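The values are calculated or read from the model by the stated rules, or taken from the named source; none is laboratory data. This one's a predicted model, so the numbers in the text were calculated from it and none came from an experiment. Cβ coordinates were reconstructed from backbone atoms using ideal geometry, including for glycine residues, and neighbour counts include every protein chain displayed. Note: areas computed on protein heavy atoms with side chains; ligands, DNA, RNA excluded. Shrake-Rupley method; radii C 1.70, N 1.55, O 1.52, S 1.80 Å.
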Amino acid sequence: MKFFIDTADLAEIRDLAATGLVDGVTTNPSLVLKSGGKFVDLVAEICRAVPGPVSAEVAATDFATMLKEGQRLAKIAPNVVVKVPLTQDGLKTCKALSDAGTKVNVTLCFSAAQAILAAKAGAAYISPFVGRLDDVGSSGMDLIADIVDIYSNYPAIHTEVLVASIRNPMHVVEAAKLGADVVTLPPSVLKQMYSHPLTDKGLAAFVSDWAKTGQTILDQ
Ligand code: G3P
């Protein structure tokens, strides 16, 4: 399973990329608003910090402008993935960009029917939002299960299921159980994944007992 980080914060991206566990980055207009800075320059910096796929979202909602924006974003770096919303114009843009060899991430997916359309439009990634579905009393993970299942019926589909709107480590575990291709994690959730109170307790005991041995490994 690939791990993307869902942030436009360069400092956090660099910090987490240094762990060697980050396969890519996803951004969206709300994350760009939080981080500030000129969008095209920010995407270029992120692409330098992480060699894997970096999703950059178009701002327009009409086909003609989305296509131009997508072409502009794709020129920033070879690892840019253009992100478009799951609308009729968005999928038309997805098809045009994909046919021209640009990878597209279709975002704001909330149903299996939408995911089928995105695959048909040649999307490299489909981004179902699990947290936002859970927030309104639906099961985000049931949607992931449906999409993974449906895509597996068609070997010609190469669209990767990118689980987005992740809120906690259990979302990651559930997505992994279902065989989702990618999770995109807010940095806070990736950090939470390391933590377990028994790890902390066990480590404290080992550190304390080792000190009592009076030994150092590097002197031996
Ligand atoms: O980037 C899209 C998605 O991950 C947004 O998550 O937490 O705003 O629902 P959230």
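Some observations on this one:
- Residues within segment 122-159 that are more than 18 Å from Val182 (Cβ to Cβ) and touching a helix residue (DSSP H, G or I) at 6+ places or on another chain (Cβ under 8 Å), tallied: 3
- Set Ala17, Ala11, Ala44: member being surrounded by 17 or more Cβ atoms within 10 Å (Cβ to Cβ) and among the aliphatic types (A, V, I, L, M): Ala17
- Segment 8-55: number of residues that are small (Gly, Ala, Ser) and touching a strand residue (DSSP E or B) at 6+ places or on another chain (Cβ under 6 Å): 3
- Odd one out for Lys212 among (1) within 30 Å of Leu117 (Cα to Cα); (2) more than 17 Å from the chain's Cα centre (by Cα); (3) of a type in the set (Lys, Arg): (1)
- Of everything in segment 1-43 that is closer than 20 Å to Val84 by Cβ and small (Gly, Ala, Ser), the residue that is farthest from the ligand (Cβ to nearest atom) is Gly24.
- The single condition from (1) surrounded by fewer than 16 Cβ atoms within 10 Å (Cβ to Cβ); (2) among the hydroxyl-bearing types (Ser, Thr, Tyr); (3) touching a helix residue (DSSP H, G or I) at 6+ places or on another chain (Cβ under 7 Å) that Thr102 fails is (1).
- Selection count, segment 141-185, where residues are open to solvent by less than 20 Å² (accessible area, probe 1.4 Å) and within 10 Å of the ligand (Cβ to nearest atom): 8
- Residue match in segment 63-82 (condition: within 22 Å of Ser30 (Cα to Cα), among the aromatic types (Phe, Trp, Tyr) and within 15 Å of the ligand (Cβ to nearest atom)): no
- Looking across segment 63-82 at every residue that is of a type in the set (Gly, Ala, Ser) and surrounded by fewer than 22 Cβ atoms within 10 Å (Cβ to Cβ), the one that is nearest to Gly101 (Cα to Cα) is identified as Ala74.
- From the options Ala119, Ala96, Ala123, residue that is touching a residue at least 40 places away in the same chain (Cβ under 8 Å) and crowded, with 17+ Cβ neighbours inside 10 Å: Ala119
- Subset of segment 50-62 that is crowded, with 18+ Cβ neighbours inside 10 Å and of a type in the set (A, V, I, L, M, F, W, C) - its residue that is farthest from the ligand (Cβ to nearest atom): Val50
- Test for Ile5: is it closer than 21 Å to Ala123 by Cβ and in contact with a strand residue (DSSP E or B) (Cβ under 7 Å, 6 or more places away or on another chain): yes
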